[in-house]
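The values are calculated or read from the model by the stated rules, or taken from the named source; none is laboratory data. The model shown is predicted, which means the values in this text are computed figures rather than measured ones. When we count neighbours, we look across all protein chains shown, and the Cβ atoms used for this are built from the backbone with ideal geometry, even at glycine. Quick note on the areas: whole protein, heavy atoms, side chains included, nothing else; ligands and nucleic acids left out. Shrake-Rupley method; radii C 1.70, N 1.55, O 1.52, S 1.80 Å.
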Amino acid sequence: MSTTTNKPASKTATTASTGRVDVRKTYKLYIGGKFPRSESGRSYEVFSTGRSPKFLANAAQGSRKDARDAVVAARKAVSGWAGATAYNRGQVLYRVAEVMESRRSQFVTEVQAAEGLTATRAEANVSAAIDRWVWYAGWSDKFAQVLGGTNPVAGPFFNISAPEPTGVVAALAPQGSSLLGLVSVVAPIIVSGNTAVVLASQERPVPAITLAEALATSDVPGGVVNLITGVTSEVAPWLASHRDVNAIDLTGAADAPDVVWGDLEAASAENLKRVLRPAGAGVTATEPDFTLEPGLERIEAFLETKTVWHPKGT
Amino acid sequence: MPTFEYAPAPESRAVVDIKSSYGLFIGGEFVDSAGGSSFKTISPATEEVLAEVSEASDEDVDRAVAAARSAYRSWSRISGADRGKYLYRIARIMQERAREFAVLESLDNGKPIKESRDVDVPIAAAHFFYHAGWADKLAYASLGDNPRPHGVVGQVIPWNFPLLMLSWKIAPALATGNTVVLKPAETTPLTALLFAEVCQQADLPPGVVNIITGAGDTGRALIGHDDVDKVAFTGSTAVGKAIARTIAGTRKKATLELGGKAANIVFDDAPVDQAIEGIVNGIFFNQGHVCCAGSRLLVQESIAEEVEAKLKARLATLRVGDPLDKNTDIGAINSREQLDRITELTAVGEAEGATRWAPECELPANGFWFRPTIFTGVSQTHRIAQEEIFGPVLSVLTFRTPGEAVSKANNTPYGLSAGIWTEKGSRILWMADQLKAGVVWANTFNKFDPTSPFGGYKESGYGREGGRHGLAAYVTTGANK
């Protein structure tokens, strides 16, 4: 991988001020509410972004089997999560914001390292990510009213159209915006009752793993969000061609190394997956500006409209 | 049961003037094909040749798309109110010429005149009326910030509802300021060509609507054309997948309305006589050439015998024959090719062990005909329970519990429609929630309306047609450009 080419000197094992040897973490996947290592046993090195990249972690390098396990876990979680009341889902999304808030300083440090931002910019970024959960939490019991309703048909029928989640949604998380972008992709998928299999930013997975820990300790049921770290060009085609994935968000395909999003879209035609394309056109596809208010598009992309008819008066 | 004999009640063909040959409708004029080749369209009921129709070549597709592009510049800029007025004009002319359209549709497609007259044509006109009113109200449609047209829309429609599908496609495209190139199916091009005359009568600016006739190659050329911004297709799932692959990696948007294998679920507390009518309507309407046809009947085991007996009695009263006869219930199969497919799949049904039944009825000597057919003893794995037959063939399965009904109904890669028959409101609402289908008809079936979104889950395609949702497919907004 490209990141391993200029390998920096390892950080000293002790913290200078206290002389204490710090406890390092083993970074894992998040599947079905659990934190397994990759079944492949593989991991890859992750470095900070900036002038002198530091070693941050050995992230698990997810395999095809991991991706399939994640889809199975996501499928299993659909009925419970889609069947939950909108009020409940809103509370759960809000709870994620609460849990993230209490881990705020950790997120700031990690986003700073991952994206090479100043402390101030990283702070703003994390705040926006937390606020985004709150924003989407509020949509849970509103989008159905905005996007559905009764239809005035010309006949003695009562007829109503309501949006429903499409099922299991795979998502390629944005490569650049490691936390705000990630949250902006995940929250609109799950707010309507879909479950998600998310492939984290290839080179910036650490905030994603911490988000998984926040999700695991909030009220999000296991399997609703599954997070795989690894090489996008390796795992994404499996998700795109998987027959039990209903939709795929290709946002993170825009800047992923060795990924042509059109190929992933073509593979998605196999079972007519719903595809959310990356922003911009063709090879110039880019990551959207996640600091802007998102709008309803990302929620709508993973909804189906169901129209139910019933005779009236007979 | 007594058999009622009906005297023939044929609708007159005199109202329709079919030309011996037709050109392509490009830039507001009928023009000769650049490729020069042509094909014949026949009446499936008699195999009589109705007309010679041009086969659009790649060069013709280029010309049509260029005409649409050139018209787009002004059409997208005129006021919504004026666009709406053109749509109102079209709707009115379709109503004025309704009888002509109905007769022509029945001649070219083989569907009974009572259906083309009472369903296809009135709903087609209604789609233009409905969308006419949207043209100057797009800002109120919650389509996102600053909704604007895509540009040139390439549309390919099937042979089962030729005029109705044309209206579903053209009306929202025009209302939102797009221009279109539409290709009707090769077996049913005539009402689209008559619609071209309507556009002329309405003084629709040249190039706003272009109609090119041809078969698969013409359709592929249109959908793959570089200067087409959006694609709208109704047809088979296999072709839909091919289209999705073709446009992958481009900025071309698509809506796909594809196949189905709808479950029509009848509970033991259903009003049985109404349910029988619903089952018949569900699968035998339009010869079963309906993507949302209720082709899998799921009957609760305790009433299966009763339902089967009543269904057979009802089927024996269906009149198969001359589509132009006003008493005809079931017309002709649209083409020999389609008849062969139905024949093949029903043979497979028998070979796999299902029990076949069809009423004794005399079929005309010429043309393509298939008796309304029921298969009982069908299991989930039978091909006739899994594959879309697209003909007047019903597979009957049974279930014991609502949960079993749901899992059987959802056991298909399709998800277009479903039916529920029960007197229990609570059960209807629960079932409707569980079924993976874009349209759920409870105690009714095969109802359509311009205000109501129609479209499928899973491999039945993506996008909706009709209502505010259908409109959304024809605009782009700041966020998704």
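General remarks:
Rundown of residues vs (1) in contact with a helix residue (DSSP H, G or I) (Cβ under 7 Å, 6 or more places away or on another chain); (2) over 20 Å from A:Phe302 (Cβ atoms); (3) charged (D, E, K, R); (4) crowded, with 24+ Cβ neighbours inside 10 Å, yes/no style:
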{"residue": "A:Gly193", "(1), (2), (3), (4)": "yes, no, no, yes"}
{"residue": "A:Val197", "(1), (2), (3), (4)": "yes, no, no, yes"}
{"residue": "A:Gln202", "(1), (2), (3), (4)": "yes, yes, no, yes"}
{"residue": "A:Val206", "(1), (2), (3), (4)": "yes, yes, no, yes"}
{"residue": "A:Leu215", "(1), (2), (3), (4)": "yes, no, no, yes"}
{"residue": "A:Glu234", "(1), (2), (3), (4)": "no, yes, yes, no"}
{"residue": "A:Ala240", "(1), (2), (3), (4)": "yes, no, no, yes"}
{"residue": "A:Asn246", "(1), (2), (3), (4)": "no, no, no, yes"}
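- Residue in segment B:282-298 that is open to solvent by 10 Å² or more (accessible area, probe 1.4 Å) and farther than 25 Å from B:Gly438 by Cβ present: no
- Filter result (farther than 22 Å from B:Thr237 by Cβ and open to solvent by 40 Å² or more (accessible area, probe 1.4 Å)) within segment A:248-280: A:Asp255, A:Pro257, A:Asp258, A:Val260
- Selection count, segment A:113-141, where residues are in contact (Cβ under 8 Å) with a residue 40 or more places away in the chain, surrounded by fewer than 20 Cβ atoms within 10 Å (Cβ to Cβ) and in a loop (DSSP other than H, G, I, E, B): 2
- Residue within segment B:403-416 that is within 9 Å of another protein chain (Cβ to nearest Cβ), over 21 Å from B:Pro271 (Cα atoms), in contact with a helix residue (DSSP H, G or I) (Cβ under 9 Å, 6 or more places away or on another chain) and not in a loop (DSSP other than H, G, I, E, B) present: no
- Of the listed requirements (1) part of a strand (DSSP E or B); (2) within 25 Å of B:Gly331 (Cα to Cα); (3) of a type in the set (A, V, I, L, M, F, W, C), B:Ile384 misses just one: (1).
- Residue check, A:Thr307 facing chain B (nearest Cβ under 9 Å), over 22 Å from B:Ala244 (Cα atoms), part of a loop (DSSP other than H, G, I, E, B) and more than 15 Å from the chain's Cα centre (by Cα): no
- B:Leu182 being under 22 Å from B:Arg92 (Cα atoms), open to solvent by less than 10 Å² (accessible area, probe 1.4 Å) and in a strand (DSSP E or B): yes
- Segment B:74-106: number of residues that are open to solvent by less than 10 Å² (accessible area, probe 1.4 Å) and over 24 Å from B:His150 (Cα atoms): 7
- Candidates B:Lys253, B:Lys183, B:Lys261, B:Lys241 - the one that is within 14 Å of another protein chain (Cβ to nearest Cβ), touching a strand residue (DSSP E or B) at 6+ places or on another chain (Cβ under 7 Å) and among the basic types (Lys, Arg): B:Lys253
- Against the test of being open to solvent by 30 Å² or more (accessible area, probe 1.4 Å), part of a helix (DSSP H, G or I) and acidic (Asp, Glu), the options A:Glu39, A:Glu98, A:Glu110 yield a single qualifying residue, A:Glu98.
- Scanning segment B:350-362 for residues that are surrounded by fewer than 22 Cβ atoms within 10 Å (Cβ to Cβ) and modelled with pLDDT of 95 or more yields B:Glu350, B:Ala351, B:Glu352, B:Gly353, B:Thr355, B:Arg356, B:Trp357, B:Ala358, B:Pro359.
- Extreme residue, surrounded by the fewest Cβ atoms within 10 Å (Cβ to Cβ), among residues of segment B:437-465 that are facing chain A (nearest Cβ under 8 Å) and of a type in the set (D, E, K, R): B:Lys447
Residues are listed down the side, and each one gets a yes or a no for (1) of a type in the set (Val, Ile, Thr); (2) open to solvent by 10 Å² or more (accessible area, probe 1.4 Å); (3) in contact with a Pro (Cβ under 6 Å, 6 or more places away or on another chain); (4) part of a strand (DSSP E or B):
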site	(1), (2), (3), (4)
B:Trp159	no, yes, no, no
B:Gly177	no, no, yes, no
B:Thr188	yes, no, yes, no
B:Leu193	no, no, no, no
B:Leu204	no, yes, no, no
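- When residues of segment A:149-171 are limited to those that are crowded, with 21+ Cβ neighbours inside 10 Å and not hydrophobic (A, V, I, L, M, F, W, C), the one nearest to A:Val245 (Cα to Cα): A:Gly167
- Residue among A:Arg64, A:Arg89, A:Arg95, A:Arg68 that alone is touching a residue at least 60 places away in the same chain (Cβ under 8 Å) and touching a His at 6+ places or on another chain (Cβ under 8 Å): A:Arg68
- Helices (runs of 4 or more DSSP H) contained entirely in segment B:69-140, each with at least 2 residues that are under 17 Å from B:Asn160 (Cβ atoms) and under 21 Å from the mean Cα position of the chain (by Cα): B:98-109, B:121-134
- Applying the criterion of being open to solvent by less than 40 Å² (accessible area, probe 1.4 Å) and assigned to a loop (DSSP other than H, G, I, E, B) to the residues of segment B:417-436, the residue that is nearest to A:Val245 (Cα to Cα) is B:Leu435.
- In segment A:281-297, residue surrounded by the fewest Cβ atoms within 10 Å (Cβ to Cβ) [restricted to those that are more than 9 Å from chain B (Cβ to nearest Cβ) and touching a residue at least 24 places away in the same chain (Cβ under 8 Å)]: A:Glu293
- For A:Gly262: the one exception among (1) more than 9 Å from chain B (Cβ to nearest Cβ); (2) more than 30 Å from B:Asn410 (Cα to Cα); (3) not in a loop (DSSP other than H, G, I, E, B): (1)
- Single unsatisfied condition, B:Arg251 versus (1) farther than 20 Å from B:Val65 by Cβ; (2) of a type outside the set (Asp, Glu); (3) modelled with pLDDT under 95: (1)
Here is a yes/no grid of residues against (1) touching a residue at least 12 places away in the same chain (Cβ under 8 Å); (2) more than 19 Å from A:Val186 (Cβ to Cβ):
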residue	(1), (2)
A:Asn246	yes, no
A:Leu250	yes, no
A:Asp258	yes, yes
A:Leu272	no, yes
A:Arg277	yes, no
A:Ile299	yes, no
A:Phe302	yes, no
A:His310	yes, yes
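- Taking segment B:196-233 as the range and being within 22 Å of the chain's Cα centre (by Cα) and within 14 Å of another protein chain (Cβ to nearest Cβ) as the test, the residues that pass are B:Ile223, B:Lys230, B:Val231, B:Phe233.
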